[in-house]
Number of protein chains: 2
Amino acid sequence: MRLSGYFMPTMKETPAEAEIVSHRLMLRAGMIRQASAGIYSWLPLGFRVLKKIEQIVREEQDRAGAQEVLMPTIQSADLWKESGRYDAYGPEMLRIQDRHGRDMLYGPTNEELITEIFRSAVRSYRDLPRMLYHIQWKFRDEVRPRFGVMRGREFLMKDNYSFDLDYAGAKRSYNKMFVAYLRTFARMGLQAIPMEAETGPIGGDLSHEFIILADTGESEVFCHRDFVEFDVLGAGIDYQSDLEPVVEAWTKLYARTDDKHDPAAFENQVPEDKRVHRRGIEVGHIFYFGTKYSDPLKALVATPEGEAVAVHMGSYGIGVSRLVGAVIEASHDEAGIVWPEPVAPFRVGLINLKTADAACTKACEETYAKLRDAGVEVLYDDRDERPGAKFNDMDLIGLPWQLVIGPRGLAKGVVELKRRRDAEREELSLDSALARLTG
Amino acid sequence: MRLSGYFMPTMKETPAEAEIVSHRLMLRAGMIRQASAGIYSWLPLGFRVLKKIEQIVREEQDRAGAQEVLMPTIQSADLWKESGRYDAYGPEMLRIQDRHGRDMLYGPTNEELITEIFRSAVRSYRDLPRMLYHIQWKFRDEVRPRFGVMRGREFLMKDNYSFDLDYAGAKRSYNKMFVAYLRTFARMGLQAIPMEAETGPIGGDLSHEFIILADTGESEVFCHRDFVEFDVLGAGIDYQSDLEPVVEAWTKLYARTDDKHDPAAFENQVPEDKRVHRRGIEVGHIFYFGTKYSDPLKALVATPEGEAVAVHMGSYGIGVSRLVGAVIEASHDEAGIVWPEPVAPFRVGLINLKTADAACTKACEETYAKLRDAGVEVLYDDRDERPGAKFNDMDLIGLPWQLVIGPRGLAKGVVELKRRRDAEREELSLDSALARLTG
């Protein structure tokens, strides 16, 4: 993509309304624009990141055996009245009347609707287990939306729902999602730690939040240092195998947010030199809730003995749009965003230091063509701007690699390759640089 | 994908509520489920088709130089009051009040919001032309939604907006979209014909609907037979070249829907043996509307002479979810759907005629693995069902190829390959069949 023709309205000023760094940087990098309070439009650069994150989430859901569907944003209130949540849900639910005066709502979540879909089609234990997910926009009418996409009103979420005959089956589904989440966040370059979470009136221990560590995080977290060094299972993982040992390894150590933190237990269970006390951001939540919805909505399946029982369910959410902000919170510096490669909007930023110089522009154009031919995602700064402005913009938008081509270097036969992560710069021949970036 | 574990609730009965064939077949094939009037959930099979159509639309928008953004579904009413459309729009607009009593709406279209985004960032002719599009759910509160996804209330639409300095530039953008639309529909296996459409109070001739011919179409169309034989430009098309001759070739012949039909002109301009009078379905609409929104919303750009003028705009829509139904209307038979290959949910349906037969199942499993390894999208019917039920389901869901493996054939060293389109069957060795499907 040529920057001269790219819709990427960067800002030099720090927007006054943005309280946290991801919000500031997303606005300054021209990734988003506020449409109204807590509601954002995704501009081309931001949209690319959103899609990359969505795709990683999708691939890991599919790998774990979940099947993708797509439920609508607008739901009838009827099912929510059946489940009892229509009245229970507070003013965060956006309630709507259609032209015929029927009660509708903008879905804040989809337990009711997916349960209705399930009960309409599945009758027997033979058709279990099932995991159905979708990636769809949700709405929660926050009283005071803030923090940009980290706590917006309209947000993109992946929500998966599992259906099993009994608790044992539900636990297997839960474990699959537990492992899928570890893999999902690791692929984005994030260190996510599963932490015990509230289970509400159902009780039990099957509820975990996945928290990434970031100094600017919304909540305090307390955990064992060994978490930071754990390896996540590779892509070859067999989701049909027993995942209980993996889940146990990841849950036996202390890890809690401030809500559930117990200082005595923390000191008891974690040696002093292993105690981590930092801030964190929730990026996912998995939850087993048994027959909470299948009971009132009568989603029954026949057991092998012919008895009709309510199906056991769990739900598994990942905040897809929130993750765009969360990655930035976890990975930025004074100059701007530092994208982990797997979610970077482009891999390489190609900077033409002097567009008026014919030889320099020729070298840049050829390089741009070669990188594209090799399938490298490249943003080419071909604008007639001062080098300083180009460097600043490129640092701000945080692409992993900057390839800088200028007349002086070319005269010496070199270009500069800069790694954004640690600002390491190297002078090398253009061919070597190309080999590095396409290799 | 193994059918035994796939969430594809097919139905034998024809659903009473479905008035048109695409609606009936989508329900019967387990592609969608109605969530409430005119609002559908997309089940795994339907979702795959929706995504394939979306991706073709996206690729052709990108190829034509448009940039993808994503605007929210919920908009503030403020901009619509600025443009004057808030009052003008009828009860089809879903109006909402948020918890603070602010007027919001579920976007039926996005001219206002994209104009606001544009005006916030672009000031000069140097930054023109621009084309920005998104693929997002829209809502139109139809008084009597029907025809399934062909006329739903919540629907997925691609809408692109062009920004140019003057009419001449806007015409170039219009021509790009005109050609992109021809390519988009051709890639889906559809014959789309551009027909003159209403321009409303703006006048001029820059408004075309793209209509596909289908016996079950919603409107009558009258056109010159030569359209059906026109070639569409290949992928190598240069969108920077002058596209006017292409557009002229596609617009000089008579082609009108009943709204604009003029029997005298039709008889005058089209020789009797070239007159086509059929039914059609609108799948896209392109429209130049000048400064209709940039004037009230003050989206101004500086000309080379330094004058501030309202930017010239056009909008270009494709009904993405509607296309799923439209393809079926154009391509089905008594037994079910007949997917054109580019939008088929899977390319091959593999039928195991006797799962209880060890040799047969072994051959099927190996074939399934080989097809997947070769990157072929295959749905494997490994269910313990009678062959008749399997044939019926496979015809119903309309995958382009059926590979049928049974004990008797295997004993003779053959399998059967059936092409869904014309039911042509061939007995051949398994290796030959594999070579055909992976070649």
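Here, each number is a calculation from the coordinates, and none is a lab measurement. These numbers were taken from a predicted model, which means no experiment stands behind them. Positions of Cβ are backbone-derived with ideal geometry, glycine not excepted, and every protein chain shown enters the neighbour counts.
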query: Label-to-label distances across copies for A:Glu341, with labels 7 Å out along Cα→Cβ, in nm, shortest first?
result: 3.5
- prompt: Can you list, shortest first and in nm, the gaps between the label point of B:Met11 and those of its counterparts in the other copies, using a point 7 Å from Cα in the C-beta direction?
  reply: 5.1
- request: Can you spot the lysines whose alpha carbon is less than 17 Å from B:Lys292's alpha carbon? Ignore those fewer than 8 places along the same chain.
  value: B:Lys81, B:Lys171
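Could you calculate the FRET efficiency of B:Asp273 with B:Met11 from 1/(1 + (r/R0)^6), where r is the beta carbon distance between them and R0 is 51 Å, rounded to 0.05?
Calculated value: 0.70.
Using Cα pairs under 8 angstrom and six or more residues apart, how large is the relative contact order of chain B, in percent? Don't skip to the answer; put the middle values down first.
Details: 858 pairs, mean separation 74.2, N = 439.
After rounding, I find 17 percent.
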task: Treat the count of other C-beta atoms within 10 Å as a stand-in for reagent exposure and order B:Asp159, B:Asp242 from fewest to most.
output: B:Asp242, B:Asp159
message: So, R0 is 45 Å and r is the distance between the beta-carbons of B:Arg2 and A:Ala356; what FRET efficiency does that work out to, to 0.05?
response: 0.15
- line: region A:265-312: relative contact order from alpha carbon pairs under 8 Å, six or more residues apart, as a whole percent, is 26 percent
query: In what sequence do B:Lys354, A:Lys412 fall when counting other Cβ within 10 Å, fewest first?
result: A:Lys412, B:Lys354
query: From the square roots a ≥ b ≥ c of the eigenvalues of the alpha-carbon gyration tensor of region B:1-81, which class results: rounded (a/c under 1.5), prolate (a/b over b/c), or oblate?
result: oblate
- line: Heads up, the protein assembly as shown by the C-alpha gyration tensor (a ≥ b ≥ c square roots of eigenvalues; a/c under 1.5 rounded, else a/b over b/c prolate, else oblate) looks rounded
statement: In nm, the gap between the two label points placed 7 Å beyond Cα toward Cβ at B:Leu233 and A:Glu244 is 6.3 nm
task: Pick out, in residue order, every one of the trypsin sites (Lys or Arg not before Pro) in region B:86-121 that is DSSP loop and has at most 15 other C-beta atoms within 10 Å; say none if there are none.
output: B:Arg99, B:Arg102
Cα centre as origin, Lys/Arg/Asp/Glu Cβ charges: the protein assembly as shown dipole, Debye: 440 debye
message: Need the full-extension length gain, B:Asp226 to B:Arg99, defined as separation in residues times 0.36 nm minus the C-alpha distance. One decimal, nm.
response: 40.0 nm
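If you average 1/r over all unlike Cα pairs in chain A and invert the result, what Kirkwood radius do you get in angstrom?
23.9 Å
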query: Taking region B:6-49, which trypsin sites (Lys or Arg not before Pro) meet the DSSP loop condition and have no more than 15 other C-beta atoms within 10 Å?
result: B:Lys12
message: Give the aspartates and glutamates reachable from B:Lys298 as a straight Cα distance under 20 Å; neighbours fewer than 8 places away on the same chain don't count.
response: B:Asp78, B:Glu82, B:Asp87, B:Glu111, B:Glu112, B:Glu116, B:Asp127, B:Asp164, B:Asp166, B:Glu307
message: Of all beta bridges DSSP finds with both residues in region A:346-438, what is the antiparallel percent, to the nearest 5?
response: 50 percent
Gaussian network model of chain A, Cα within-10 Å springs - most flexible of A:Ser120, A:Ser207, A:Ser41: A:Ser120
- line: For B:Lys51, counting only lysines whose alpha-carbon sits under 27 Å away and dropping same-chain residues fewer than eight positions off, the answer is A:Lys51, A:Lys52, A:Lys138, A:Lys158, A:Lys176, B:Lys12, B:Lys138, B:Lys158, B:Lys176, B:Lys370, B:Lys390, B:Lys418
message: Could you give each residue of region B:380-396 its phi-based ³J(HN,Hα) in whole Hz, using Karplus coefficients 6.51, -1.76, 1.60 with θ = phi - 60°, and x for Gly or Pro?
response: 9, 7, 9, 6, 8, 9, 5, x, x, 5, 5, 4, 4, 4, 5, 5, 4
field: Of B:Ala197, B:Ala180, B:Ala363, the one that fluctuates the most in a GNM where chain B has Cα springs shorter than 10 Å
entry: B:Ala363
At 7 Å out from Cα toward Cβ: B:Asp262 inter-copy label distances (nm, ascending): 8.4
task: Can you check what the net charge comes to around B:Glu17, using other residues whose Cβ is under 14 Å from the Cβ of B:Glu17 (Lys, Arg +1; Asp, Glu -1)?
output: +4
message: Could you work out the relative contact order of region B:346-438? I mean the mean sequence separation of Cα pairs under 8 Å and 6+ apart, divided by the number of residues, in percent.
response: 32 percent
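By the gyration tensor of its Cα atoms, with a ≥ b ≥ c the square roots of the eigenvalues, what is the shape of region A:346-438: rounded for a/c under 1.5, prolate for a/b over b/c, or oblate? Could you put the intermediate results ahead of the total?
Numbers: a/c = 1.25, a/b = 1.07, b/c = 1.17.
It comes out rounded by the Cα gyration axes.
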query: For chain A, modelled as a GNM with alpha-carbon contacts under 10 angstrom, which of A:Arg123, A:Arg187, A:Arg256 fluctuates the most?
result: A:Arg123
